[in-house]
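The values are calculated or read from the model by the stated rules, or taken from the named source; none is laboratory data. Quick caveat: nothing in here was measured; it's all calculated off a predicted structure. Don't worry about glycine lacking a Cβ; one is built from the backbone with ideal geometry, like all the others, and counts go over all protein chains shown. We work out accessible area using only protein heavy atoms, side chains counted, and drop any ligands, DNA or RNA first. Shrake-Rupley method; radii C 1.70, N 1.55, O 1.52, S 1.80 Å.
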Amino acid sequence: MLRRSFIKYSTLAASAAVFPRTALAASGAWETLEDMPFKAQEIYPCLYERGGQEFLFSGGGIAVRLGDPVVRRTALFDPRAGSWTEGVQLPEPRHHMSFVQLGTQIHAFGGFRRSGTNMWQMRRDHWVIDDPLNGSWVERDPMPGPRGEAVPVVGGGRLHLIGGRVPAAAANNDWEDHTDTALHWTYDAENGEWGTRAPLPVPRNSSAGCVLDGSIYIVSGRTVADRESAVCHRYDLQTDRWEQIAPLPSATHGGPPGGQGGLAAATVGGKIYAFGGEWLSGDLGVFADVWRYDPQADSWSAMKPMPEPRHGLGAVAIDGAIYVLGGAVGAGGSGVTATLARYTPA
C-alpha cells in the first residue's frame, strides 16, 4: 500500500507491526517533558536563539484528525522553564514544511498543503517571521520550484535544502505525482538569492541531516517507491564535494534491514545521533532505534532506544541534550503524538 493511501485510512486502523522497546546495553538517558500543545507528525523543527537564550520551535505537520488533518499551529519550547507557548499560526496549514533560523528570523520553506480531499499538493512558498510569538509571517523569495521532504540545514551562513521530492511532471496533487530528487539548493538570506551546489549522489526523501565540523551529513531515507535506503553521505562545505560514509546499520528492534525513513538527527559532543523512523515494505512498522555516528571512526553504534517507536518526528540539540518531539508511533498516520522527550548522551 502506498504511504499516501495508508495515511488517509490509518485514522481508523491500528498500527501495524510496532515493536516495543527491548533491553540494550547502550548509553544515554531519556526524560519525558511537557507535551507539545498539539499533536503533529512530519515535522522539521529548528533551534531558535533570541536574547542569548535557545528555544525549540516547531510548526505545521499532520494531525490526522477527521476534517482537520493538516496543522497550522506553531509553538515555542523554553528548556529553562520546561514549558511550551503557542506561537503565531502559519499563513495556511502545511506538513513537511522546513524551518530554520537565519540571522534573527525563522524561515519556513515549501512542504505540502491540503487541496480538497488531497493532502499532497507540493508548494514553493517561503515565509519569514521576526518574532514567532508576537510577529507576523511575511512572504519572501520563493524557492526555485515546489519541494517537499528535503533536509533543511544551515551551513556556512546559508540554508541548504538537500534531496526530498519534486513534481515528476505537470501534475502536483498526489503522492504518485512526485519523484525523488538529488537537488541541493542554497539560500542567502542577506542577499535574497537562491543558488545550487553539488547534488546528493543518491536521490531520496525522508532523510535526516545535520551539520558537524564544516560538513553536512545526510542520513538514510527512502524513495517514492517506498523502499528505505541505509545509504549515508557527507558534504564538505568548502570543496562542494560529497562522499559516501558508513551506512545506517540494520535495526535492532524489529523491522527489515535497509534503512529508516522519516527519522530525525542532531549533533552533540562531536557525534551524530539518529532517532526512529519507519519502514513501509512488507508488514509496515516504526523503529525505536537510536544510533550514534562517530565521524573519526566512520562507524555507527546502537544507543539506548526511545521509550516508544516514532517516525515523522523532529530532533533539536540544545545545551548538550537532544529534544525529540512529535511524530507517530504507528506507520503512516496512526498514533500521532505530542510527546517531547529529552535525550542526554552518556
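A few points about this structure:
- The one condition in (1) assigned to a strand (DSSP E or B); (2) surrounded by fewer than 22 Cβ atoms within 10 Å (Cβ to Cβ); (3) at pLDDT 95 or above that Arg114 fails to fulfil: (3)
- Restricting Phe109, Phe55 to those that are open to solvent by 10 Å² or more (accessible area, probe 1.4 Å), of a type outside the set (Asp, Glu), touching an Asp or Glu at 6+ places or on another chain (Cβ under 8 Å) and on the phi < 0 side of the Ramachandran plot reduces the list to Phe55.
- Check on Leu133, over 19 Å from Gly312 (Cα atoms), under 21 Å from the mean Cα position of the chain (by Cα) and hydrophobic (A, V, I, L, M, F, W, C): no
Here is a yes/no grid of residues against (1) of a type in the set (Val, Ile, Thr); (2) over 17 Å from the mean Cα position of the chain (by Cα); (3) assigned to a loop (DSSP other than H, G, I, E, B):
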{"site": "Pro199", "(1), (2), (3)": "no, yes, yes"}
{"site": "Ala230", "(1), (2), (3)": "no, no, yes"}
{"site": "Trp242", "(1), (2), (3)": "no, yes, no"}
{"site": "Ala266", "(1), (2), (3)": "no, no, no"}
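- Screening Asn172 against (1) farther than 25 Å from Asn118 by Cα; (2) open to solvent by less than 40 Å² (accessible area, probe 1.4 Å); (3) more than 19 Å from the chain's Cα centre (by Cα) leaves a single unmet condition, (1).
- Of the residues making up the stretch 27-49, those that are aliphatic (A, V, I, L, M) and either part of a loop (DSSP other than H, G, I, E, B) or crowded, with 24+ Cβ neighbours inside 10 Å (or both) are Leu33, Met36, Ala40, Ile43.
- Answer from Asp35, Asp68 - the residue that is among the acidic types (Asp, Glu) and at pLDDT below 95: Asp68
- Checking Val211 against (1) within 16 Å of Val153 (Cα to Cα); (2) open to solvent by less than 40 Å² (accessible area, probe 1.4 Å); (3) of a type in the set (A, V, I, L, M), the condition it does not meet: (2)
- Of all residues in the stretch 222-235, at least one satisfies being surrounded by fewer than 20 Cβ atoms within 10 Å (Cβ to Cβ), touching a residue at least 24 places away in the same chain (Cβ under 8 Å), hydroxyl-bearing (Ser, Thr, Tyr) and within 19 Å of Pro152 (Cα to Cα).
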